[in-house]
Amino acid sequence: MSQFETPLFTGLVEHAKKNPVQFHIPGHKKGTGIDPEFREFIGDNALSIDLINIGPLDDLHSPKGIIKQAQELAAEAFGADHTFFSVQGTSGAIMTMVMTVCGPGDKIIVPRNVHKSVMSAIVFSGAIPVFIHPEIDENLGISHGITTESVARALDQHPDAKGVLVINPTYFGISADLRKIVEIAHSYDVPVLVDEAHGVHIHFHDDLPLSAMQAGADMAATSVHKLGGSMTQSSILNVREGLVSSKRVQSILSMLTTTSTSYLLLASLDVARKRLATEGRDLISKTISLAQSMRKRINEIDRLYCVGPEILKSKAAFDYDPTKLIISVKNLGIPGYEVEKWLRERHNIEVELSDLYNILCIVTPGDTEREADILINALRELAEECVEEAGKPEPLKVFLPDIPLLALTPRDAFYSETEVVPFEESEGRITAEFIMVYPPGIPIFIPGEIITKENLLYIQKNLEVGLPVQGPEDDQIKKIRVIKEYKAIK
Ligand SMILES: Cc1ncc(COP(=O)(O)O)c(C=O)c1O
């Protein structure tokens, strides 16, 4: 089959055209049984292919027909031995990777700034995390990737680890020397699992960092929906045979996946793969040049800094993705979240994320000069307004707390006897909950870590500026669940 074909999407459309009499789920039956207002809005075409795993349409859990063909085309496009479609986002694919290589008590080497899905998989599998400290960027107030030296040290101390997990590229588009990391891990026969949530496009352009499969990694969980043009929630899991078995991957993915897989999501993966494989290079070239020109114009605005190739001087930044615009706003004297709100309220602009010191904007083939001008004019206006109001705005001081110490395995902590204590009285206790700001969803605390004053202060700072702190059962974050302590009875 050729990369111009879309067996899954085409198969669905052909099936819908036959207009069969449906006595199967979904009960809305081509939209006739759905709320009319929603039907009118979403359109009959979409509803006609919202189908289920009946005979002619194959089954994601045991693909033999059009889904198998679509997955094979994707494997060819991504240079993988096998590609699995995920309707549980990259989170589902990441959990599958971790649970494929780790069982209870097995060690896995992971950077501490992983997405919460990695930690969830560690709790579910009972694996023991060996954390690597990511490189901290004191200027931007964000974590980058991990160095090859730290991976070598971790493997030297834990040669029995069942896997090394790398985030490549990071949410902010910074990548590590993945080829070297793979080389080191493979010299110990340890597989490399890549969280490629933010890197579906990098495989299709030479001016972008190496993709997981190009670097020789064993598995990669890749969000096609984030930057590759498929629908939200649809991702892929690429596998290279050798240190991992694709049969095991299929059965774990199946255990973690709904039996009612959305064919709209699956079909969108099929068409996104076609576009990336056949037009990706040209589309991405245009995106890179648009983003580069935006970067240059943003850097001309007083007190704003948009990260560029100079970031490569840092040890953990081996390469970077220029389509990500990390805009440091700390010199305006206001937090990134204020900038996010200002852009929303004053110019109807929505950014990808903000934190205490930055905003992140992503540029994709969906953008044009028009959107670029809107953003840059708004940022110029904001910078002028900040200077007018404050005279000489005082730059914000970057504060990033240390990584807390782990006292219990995340699973032991999660399933321990616990109690709830007031947030401000929790210093020194062992947390039983995750706490993170989402996005980016990187935990500030994971179950099993010792709560420090510094980290409580950091959470407080995030809450004060209004950033979305999540995780604890108490969504007001007034209380936190910790491991129960037993005091001697007097
Ligand atoms: C680094 C990273 N990994 C994994 C994920 C999970 O991806 P998904 O939302 O497709 O489940 C995200 C989502 O934001 C992420 O930022």
Review point. What about Gln470, is it open to solvent by 70 Å² or more (accessible area, probe 1.4 Å) and within 16 Å of the ligand (Cβ to nearest atom)?
Key: yes
Practice item. Please find, within the stretch 5-36, the residue that is least open to solvent (accessible area, probe 1.4 Å) out of those that are more than 30 Å from Glu279 (Cβ to Cβ) and touching a residue at least 12 places away in the same chain (Cβ under 8 Å). Key: Gly31
Revision key, fill the gap. Only one of Lys68, Lys64 is open to solvent by 20 Å² or more (accessible area, probe 1.4 Å), assigned to a loop (DSSP other than H, G, I, E, B) and at pLDDT 95 or above, namely Lys64
Review point. So which pairs qualify, if the first residue must be in the stretch 107-122 and polar (S, T, N, Q) and modelled with pLDDT of 90 or more, the second must be open to solvent by less than 10 Å² (accessible area, probe 1.4 Å) and within 11 Å of the ligand (Cβ to nearest atom), the Cβ gap must be under 7 Å, and the two must be at least 6 apart or on different chains?
Key: Ser117/Ile94
Check your understanding: Being touching a strand residue (DSSP E or B) at 6+ places or on another chain (Cβ under 7 Å), more than 15 Å from the ligand (Cβ to nearest atom) and either over 22 Å from Pro404 (Cα atoms) or assigned to a strand (DSSP E or B) (or both), is that true of even one residue in the stretch 138-152?
Key -> no
Check your understanding: Can you tell which of Ile451, Ile446, Ile442, Ile435 is open to solvent by less than 20 Å² (accessible area, probe 1.4 Å) and within 16 Å of the ligand (Cβ to nearest atom)?
Key -> Ile446
Check your understanding: In the stretch 76-89, is there at least one residue being part of a loop (DSSP other than H, G, I, E, B), farther than 19 Å from Pro169 by Cβ, within 16 Å of the ligand (Cβ to nearest atom) and open to solvent by 10 Å² or more (accessible area, probe 1.4 Å)?
Key -> yes
Check your understanding: Filter the stretch 367-386 for residues that are in contact with a Ser or Thr (Cβ under 9 Å, 6 or more places away or on another chain) and not hydrophobic (A, V, I, L, M, F, W, C); which is nearest to Glu279 (Cα to Cα)?
Key -> Asp367
Review point. Are any of the residues in the stretch 341-352 closer than 23 Å to Val398 by Cβ, open to solvent by 10 Å² or more (accessible area, probe 1.4 Å) and out of contact with any Lys or Arg (no Cβ under 9 Å at 6 or more places or on another chain)?
Key: yes
Study note, to complete from the structure: Of the candidates Glu417, Glu381, Glu394, the one satisfying the condition of being without any contact (Cβ under 8 Å) to a residue 60 or more places away in the chain and either over 30 Å from Arg303 (Cα atoms) or open to solvent by 40 Å² or more (accessible area, probe 1.4 Å) (or both) is Glu381
Point to revise | Criterion (under 30 Å from Met95 (Cβ atoms) and assigned to a strand (DSSP E or B)) met by exactly one of Ile326, Ile284 | key: Ile326
Exercise for review: Would you tally the residues in the stretch 181-194 being open to solvent by 10 Å² or more (accessible area, probe 1.4 Å) and within 16 Å of the ligand (Cβ to nearest atom)?
Suggested key: 0
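The values are calculated or read from the model by the stated rules, or taken from the named source; none is laboratory data. These figures come from a predicted structure and were not determined experimentally. Glycine gets a Cβ as well: all are built from the backbone with ideal geometry, and neighbour counts include every protein chain shown. Only protein heavy atoms, including side chains, enter the accessible area calculation; ligands, DNA and RNA are left aside. Shrake-Rupley method; radii C 1.70, N 1.55, O 1.52, S 1.80 Å.
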